[in-house]
Amino acid sequence: MKKTPLEDLIPNASPEALDLIEKMFEYNPNARITAKECLEHEYFKDFVPMRFAKPKLMKINKSVMANKNNKLLNSKFMRMSSKKFNLERK
């Protein structure tokens, strides 16, 4: 059976992504790339490890918060979200 090139299956993928996928799809487990090697691959060079990433804070406009008719803010989801995340206030 002839192998279909990944470039044909994923035409918009970068060369680095295609190289990583090729190495991850290796059938022989002794030749397959390890998880550590995956994270050290060129494809991930611009990613920041989570322990060094700054947490993002939710920003909510005060005028929107003051509007008691706003369904999103009065919803159960928003009440739960405000407890779960740190809300930045001006």
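Where a number appears in this text, it was derived from the coordinates with a stated rule and is not lab data. A quick note: this is a predicted structure, and the numbers were derived from the prediction, not measured. We place every Cβ from the backbone using ideal geometry, glycine too, and count neighbours over all the protein chains shown.
For a test of the definition: using alpha carbon positions, the gyration tensor, and the 1.5 limit on a/c, classify region 6-48 as rounded, prolate or oblate. Could the numbers behind the result be given before it?
On the way: a/c = 3.49, a/b = 1.07, b/c = 3.26.
Since a/c reaches 1.5 but b/c is at least a/b, the shape of region 6-48 is classed as oblate.
Let me check I've understood the local charge: for Glu42, count other residues with C-beta under 15 angstrom from its C-beta, Lys and Arg +1, Asp and Glu -1. What total comes out?
-3
How far apart, in nanometres, would the label points at Ile21 and Thr34 be if each is projected 7 angstrom from Cα along the Cα-to-Cβ direction?
2.6 nm
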